[in-house]
Amino acid sequence: MKYFLASIALFVGTAIVSADEPSKPFDGGTLKGWKFRGSKDKSKWDVGVAALDKKDPAKIDFRPKSSPFDSGELVNTSGGSVDIFTETKYGDCVIEVEVMVPKGSNSGIYLMGEFEVQVFDSFGKDKVGPGDMGGIYNTAAPKVNASKKPGEWQKFVIEFQAPKFSDGKKTANAKFLKVTLNDQVIHENVEVKGPTTSALTGKEAATGPLLFQGDHGPVAYRNLVVKPSKN
């Protein structure tokens, strides 16, 4: 009996640890685990390799994966697409992701499907606002313009605290604890009172999916990692 109970404790302990381990919602090869906001027939999302179109820097030159050595990227090849979001829902977490933005293009990273970190070609701008690259849309402009040139891969690290609830009532707003773009801190302790315009549901909850905006322009994402945290 003691051995049986010890085995249960070990199993439970392992499950708790594994639940706190980083997850990779995008497997680099398929769209498994993702849903479309709207008709699947309108989706321009695909898995392959993305580069800036040499003839038109406002477009993406896309090719399917042709080798196991290809990293595999989540690519929205056209602006007339739909948003895409994870089946898995998250609460407090740290998001690491790389993004490639063509010239003049626009996308967004929606935490919980509701709170947007703007993805936009803001390279070279002297003054940036909440609608520029890394801005917390409708809420806060980035501290600095850390944007790279169109077509270059750029890395976000987003430390996020989900809204808190007790007995069905919200007790604390969502908060971006820290946002880093290309190794530069662009936000710290920014509280958001409610969902961003064009949010997935417009409602707040303890958990929600990760959403990438796809109806504003071509964009590519890769090396997506979600690390649960305890805030």
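For region 92-111, residues that are open to solvent by less than 20 Å² (accessible area, probe 1.4 Å) and either assigned to a strand (DSSP E or B) or in contact with an Asp or Glu (Cβ under 6 Å, 6 or more places away or on another chain) (or both) total 12. Of all residues in region 166-190, those that are at positive phi have Cβ atoms under 7 Å from Cβ atoms of residues that are buried (at least 16 other Cβ atoms within 10 Å of the Cβ) and among the hydrophobic types (A, V, I, L, M, F, W, C), 6 or more apart or on another chain, in N182/A146; N189/L177. Tell me, which residue of region 112-128 that is part of a strand (DSSP E or B) and not aliphatic (A, V, I, L, M) is most open to solvent (accessible area, probe 1.4 Å)? My answer is F120. Suppose we filter F160, F212 for residues that are under 13 Å from the mean Cα position of the chain (by Cα) and over 15 Å from K227 (Cα atoms); which single one remains? Checking each option against the conditions leaves just F212. Candidates are the residues of region 28-46 that are touching a Phe, Trp or Tyr at 6+ places or on another chain (Cβ under 7 Å) and outside any strand (DSSP E or B); the one that is least open to solvent (accessible area, probe 1.4 Å) is S43. Can you tell me which of (1) open to solvent by 20 Å² or more (accessible area, probe 1.4 Å); (2) closer than 30 Å to A51 by Cα; (3) more than 15 Å from the chain's Cα centre (by Cα) is the one G217 doesn't meet? All conditions are met except number (1). Being surrounded by fewer than 18 Cβ atoms within 10 Å (Cβ to Cβ) and among the acidic types (D, E) is the filter; apply it to region 47-91 and report the residue that is farthest from N106 (Cα to Cα). That would be D70. Of all the listed residues (F85, F69), the sole one being in contact (Cβ under 8 Å) with a residue 60 or more places away in the chain and either assigned to a loop (DSSP other than H, G, I, E, B) or closer than 15 Å to G113 by Cβ (or both) is F85. Would you be able to say whether some residue in region 138-147 is in contact with a strand residue (DSSP E or B) (Cβ under 7 Å, 6 or more places away or on another chain) and in contact (Cβ under 8 Å) with a residue 60 or more places away in the chain? The answer is no; no qualifying residue exists.
The values are calculated or read from the model by the stated rules, or taken from the named source; none is laboratory data. No experiment lies behind these values; they were computed from the predicted model shown. Note that each Cβ is placed from the backbone with ideal geometry, even for glycine, and that neighbours are counted across all protein chains shown. Note: areas computed on protein heavy atoms with side chains; ligands, DNA, RNA excluded. Shrake-Rupley method; radii C 1.70, N 1.55, O 1.52, S 1.80 Å.
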